[in-house]
Amino acid sequence: MKTKTHVAWGTRLALVLVTSALLVAHQPAEATLLNTGQSLLFNFDFTGQTPAGPYINSMVAVTLNNFSVGTQATVSLFDGLNGAGLVTTLGSGGTGVPLFTFGFTGFLGANDGIFSLMVFANTGPLDVNAATATLINAAGARATLTGTLATVPEPATLALLGLGLAGLGFARRKR
C-alpha cells in the first residue's frame, strides 16, 4: 500500500515539474531586465516590408533605460536569425544617463533584411527598452522595424523539464 502511495506522489511531483517547465518556457518575452550574464536576442525580418530590399544602408539601435555607471553591456550583430553568423560586437560601460543607445550604421549583414541583435549584460542589471532597425534601399526609401524577441529556453527550464520527464519515466517503471 505504501508503494502505491509513493508512486502516486512521485507521479504527481513529476507532472508538477513538467508543467512548471512548460509554463516558464512560454512566459511572454516582455521582461526587459537583464542581470549579469543574461542576454536578449532580437530577430529582424524585413521580408515583405515596404520598401523591398536589397538594402544598401542600415541604422540599427538598442536602447537601454538608466544605463548606470558601473554596469557594462555588449551588443552583437548577426547576419542571420537567432544569432547565426556573428558580424560585429560593440561593448560599453554605463554612462549614468537615463536613456542610452547603442547604434550601428552601415551594417552590411542587413542587406537582405534578415539579421539579429543580442544584448548581453556583462554586469547588470540592464533595462533593455527596445531594439529597432531602419534599412534604406537604393532609391533612398526607408523601412523601420522593431525587433522581436527570440524565445530561447533558459538552461534551468530545460533541466526542470528533463527532471520531470525522468520522474514520470521512473514512476511508470516502478509500477
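Listed residues 141, 52; which is more than 19 Å from the chain's Cα centre (by Cα) and modelled with pLDDT of 90 or more? Only one candidate qualifies: 141.
Here's the yes/no breakdown for (1) charged (D, E, K, R); (2) more than 17 Å from residue 33 (Cα to Cα); (3) at pLDDT 80 or above; (4) surrounded by 15 or more Cβ atoms within 10 Å (Cβ to Cβ):
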{"residue": "62", "(1), (2), (3), (4)": "no, no, yes, yes"}
{"residue": "68", "(1), (2), (3), (4)": "no, no, no, yes"}
{"residue": "79", "(1), (2), (3), (4)": "yes, yes, yes, yes"}
{"residue": "84", "(1), (2), (3), (4)": "no, yes, yes, no"}
{"residue": "110", "(1), (2), (3), (4)": "no, yes, yes, yes"}
{"residue": "137", "(1), (2), (3), (4)": "no, yes, yes, yes"}
{"residue": "154", "(1), (2), (3), (4)": "yes, no, no, no"}
{"residue": "157", "(1), (2), (3), (4)": "no, yes, no, yes"}
{"residue": "169", "(1), (2), (3), (4)": "no, yes, no, no"}
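The residue of the stretch 112-135 that is least open to solvent (accessible area, probe 1.4 Å), among those that are at pLDDT below 85 and part of a loop (DSSP other than H, G, I, E, B), is 124.
Residue 33 satisfies every condition listed in (1) open to solvent by less than 60 Å² (accessible area, probe 1.4 Å); (2) at pLDDT 75 or above; (3) more than 27 Å from residue 141 (Cα to Cα); (4) hydrophobic (A, V, I, L, M, F, W, C) except (1).
The values are calculated or read from the model by the stated rules, or taken from the named source; none is laboratory data. The structure displayed is predicted, hence computed values, not measured ones. FYI the Cβ positions are ideal-geometry reconstructions off the backbone, even for glycines, and counts take in every protein chain you see. All accessible areas refer to the heavy atoms of the entire protein, side chains included, with ligands and DNA or RNA removed. Shrake-Rupley method; radii C 1.70, N 1.55, O 1.52, S 1.80 Å.
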